Amino acid sequence: TNWAGLLDLTGPILDVTPTSLVFSVNLGQNPVAQSFGVSNSNAGTLIFSNTVSYGGGGSGWLTLAPVTGSLGAAVGQSVTAAVVAATLSRGTYTATGTVYAGVAGTRAVSVTLSVTGYNGQVSYDTFE
């Protein structure tokens, strides 16, 4: 069997770590941002882009930055995952951040957000 040309060892290879993020926050608050690493574990230039898709519960609460990037050989960078949960109801929300890098690969980062507790606001009734 001739294996030449079946595996390109000269082009970029996408690596993403970790592949899951978990956020937990009290109602009415926003959690501290987290990050995952995107790297080119081989030669060449890797050009990537990030997208977000939402599972159950709601949408628009997750932002990935930067949205696009370019990495040289054996270079990596952090992608920040920021959550805006202050307007969400109690519950569990899921999303997937997908990193696309053409022939270098596609990787997914699962994101889970748990909104629990109370917002800390107390109302008082006055009796006269």
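The values are calculated or read from the model by the stated rules, or taken from the named source; none is laboratory data. Bear in mind that the values here come from a model prediction, so they are computed numbers and not experimental data. Please note: Cβ atoms are built from the backbone with ideal geometry, for glycine as well, and neighbour counts cover all protein chains shown. Areas reflect the complete protein model, heavy atoms only, side chains present, ligands, DNA and RNA absent. Shrake-Rupley method; radii C 1.70, N 1.55, O 1.52, S 1.80 Å.
Here are the numbers for the structure shown:
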quantity	calculated
Condition met for VAL32 (touching a strand residue (DSSP E or B) at 6+ places or on another chain (Cβ under 8 Å) and either open to solvent by 50 Å² or more (accessible area, probe 1.4 Å) or in a strand (DSSP E or B) (or both))	no
Members of the stretch 40-70 found to be surrounded by 14 or more Cβ atoms within 10 Å (Cβ to Cβ) and of a type in the set (Ser, Thr, Tyr), listed by number	SER41, SER49, TYR54, THR63
Any hit, the stretch 90-98, residues being under 16 Å from VAL16 (Cβ atoms) and of a type in the set (D, E, K, R)	no
Single match in VAL99, VAL109 (criterion: in contact with a Lys or Arg (Cβ under 6 Å, 6 or more places away or on another chain), at pLDDT 95 or above and surrounded by 13 or more Cβ atoms within 10 Å (Cβ to Cβ))	VAL99
Qualifying positions in the stretch 71-83 - under 13 Å from the mean Cα position of the chain (by Cα) and open to solvent by 50 Å² or more (accessible area, probe 1.4 Å)	SER78, THR80
Which numbered condition THR10 misses (of (1) open to solvent by 20 Å² or more (accessible area, probe 1.4 Å); (2) part of a strand (DSSP E or B); (3) farther than 23 Å from THR112 by Cβ)	(2)
